[in-house]
Amino acid sequence: MKQLVRIWILVAAMITCGALPPQVMGDSMVTTQWSAQAKSKKKSKKKKKARKAKKSAKGAKARKSRPAVASSLASVPAVGKTPQGGARSGASAWLAVGIPRGVDNQVINYQAIRVNFNPSLRIPNCVAYELTATMVDMSDAPGHEIRKNFKYAHDPAVESCPQGWEYRGTGYSRGHMAPAMDMRWNRTTMAQCFYMTNMCPQDTKLNNDHWRVLEEKVHRWAKRDKRLMVYTGPIMGKNPRMIGKQQQNIAVPDAFFKVVFAPDQKRAIAFIYDNKPCPGDISKYAVTVAEVERRTGLTFSSAMPKHQCRIEDWQ
């Protein structure tokens, strides 16, 4: 008898906790209450499930509408870094260029080049970049970016940047200051070097022949010396000629300079080419960095030897 009483007490306790339906006790009132609780729990579960499904669908829609990020950007360094992303000692400071007082200048940091752009003349004052042996190897590899796949483009972030078509019919080429051959290791850097902020009106024969020979030399020197700092830009006359398909507001340089600095070898040299056909070996156009500073008013890093002009150290 005592055992039966214990069983009934246990059953009653289980019903109270919701573990058993109260039909076991035969109490209709308790049965009704339990049924209501069961229905309430079931309804609550359905609502919870519906909310979860709605949230999941909303998240999926957001993910679908989110713009995709180009995978190539992951491998693109900021200025002064290697393609692997490791900081190069002193690179960012070396690429800084002093601009003369009173000269209009806007600094634009692209992924691999630093442009000092002149909004008044609509050409760069100077373009600087680091060129490493790794970048050269990637640029020369079979899978490098192809020049014909890229077009001259207006940079929408720079108000005074010319449109690509503004040079048409002027008799001048759109001359890269940072050449495409040094930037073809990555799609983003290649596209950015085709922005018109990187261009100057350049004599077509100079652009295609003798200036290109110099660019190819620098390309090879970077592979040999492991890394170079390269600075390129225009040398302006007092009253420069102005060109433009619709408005005459793009300045034509009198000449161009290129400064090359090998920081590990503590070696530097510069070149000046008039904006016209310049035949002959590059040694004919070699000058000191100090001479470029004198003619442009620009100032380069104090870590750079300013009075070297030994072409034999580079050949």
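The values are calculated or read from the model by the stated rules, or taken from the named source; none is laboratory data. No experiment lies behind these values; they were computed from the predicted model shown. Don't worry about glycine lacking a Cβ; one is built from the backbone with ideal geometry, like all the others, and counts go over all protein chains shown.
Report whether or not residue 280 is surrounded by fewer than 18 Cβ atoms within 10 Å (Cβ to Cβ) and in contact with a Gly (Cβ under 9 Å, 6 or more places away or on another chain). Talk me through it step by step, then tell me what you get.
Details: surrounded by fewer than 18 Cβ atoms within 10 Å (Cβ to Cβ): yes; in contact with a Gly (Cβ under 9 Å, 6 or more places away or on another chain): no.
It is false that residue 280 is surrounded by fewer than 18 Cβ atoms within 10 Å (Cβ to Cβ) and in contact with a Gly (Cβ under 9 Å, 6 or more places away or on another chain).
Can you say whether residue 242 is under 27 Å from residue 161 (Cβ atoms), surrounded by fewer than 18 Cβ atoms within 10 Å (Cβ to Cβ) and either in the same structural domain as residue 193 (by TED's automatic domain parsing) or not hydroxyl-bearing (Ser, Thr, Tyr) (or both), as far as the supplied structure shows?
Values: under 27 Å from residue 161 (Cβ atoms): yes; surrounded by fewer than 18 Cβ atoms within 10 Å (Cβ to Cβ): yes; either in the same structural domain as residue 193 (by TED's automatic domain parsing) or not hydroxyl-bearing (Ser, Thr, Tyr) (or both): yes.
It is true that residue 242 is under 27 Å from residue 161 (Cβ atoms), surrounded by fewer than 18 Cβ atoms within 10 Å (Cβ to Cβ) and either in the same structural domain as residue 193 (by TED's automatic domain parsing) or not hydroxyl-bearing (Ser, Thr, Tyr) (or both).
Residues to consider are 168, 212; find the one that is free of Cβ contacts under 8 Å to residues at least 40 places away in the same chain and more than 20 Å from the chain's Cα centre (by Cα). Explain how you work it out, then say what you get.
Working: 168 fails: free of Cβ contacts under 8 Å to residues at least 40 places away in the same chain.
Checking each option against the conditions leaves just 212.
Is it the case that residue 92 is among the polar types (S, T, N, Q) and either over 15 Å from residue 199 (Cα atoms) or outside any loop (DSSP other than H, G, I, E, B) (or both)?
When the stated conditions are applied, residue 92 passes them.
I need a count of the residues in the range 202-216 that are over 16 Å from residue 172 (Cβ atoms) and β-branched (Val, Ile, Thr).
Residues meeting the conditions: 1.
Could you tell me whether any residue of the range 222-230 is within 25 Å of residue 140 (Cβ to Cβ) and among the β-branched types (Val, Ile, Thr)?
Within the range 222-230, one or more residues are within 25 Å of residue 140 (Cβ to Cβ) and among the β-branched types (Val, Ile, Thr).
Given the criterion within 24 Å of residue 97 (Cβ to Cβ), among the small types (Gly, Ala, Ser) and free of Cβ contacts under 8 Å to residues at least 40 places away in the same chain, identify the matching residue among 270, 251, 262.
Sole residue among the options that is within 24 Å of residue 97 (Cβ to Cβ), among the small types (Gly, Ala, Ser) and free of Cβ contacts under 8 Å to residues at least 40 places away in the same chain: 270.
Kindly evaluate residue 190 against the criterion of being of a type in the set (A, V, I, L, M, F, W, C) and either without any contact (Cβ under 8 Å) to a residue 60 or more places away in the chain or in a helix (DSSP H, G or I) (or both). It would help to see each step written out before you state the result.
Numbers: of a type in the set (A, V, I, L, M, F, W, C): yes; either without any contact (Cβ under 8 Å) to a residue 60 or more places away in the chain or in a helix (DSSP H, G or I) (or both): yes.
It is true that residue 190 is of a type in the set (A, V, I, L, M, F, W, C) and either without any contact (Cβ under 8 Å) to a residue 60 or more places away in the chain or in a helix (DSSP H, G or I) (or both).
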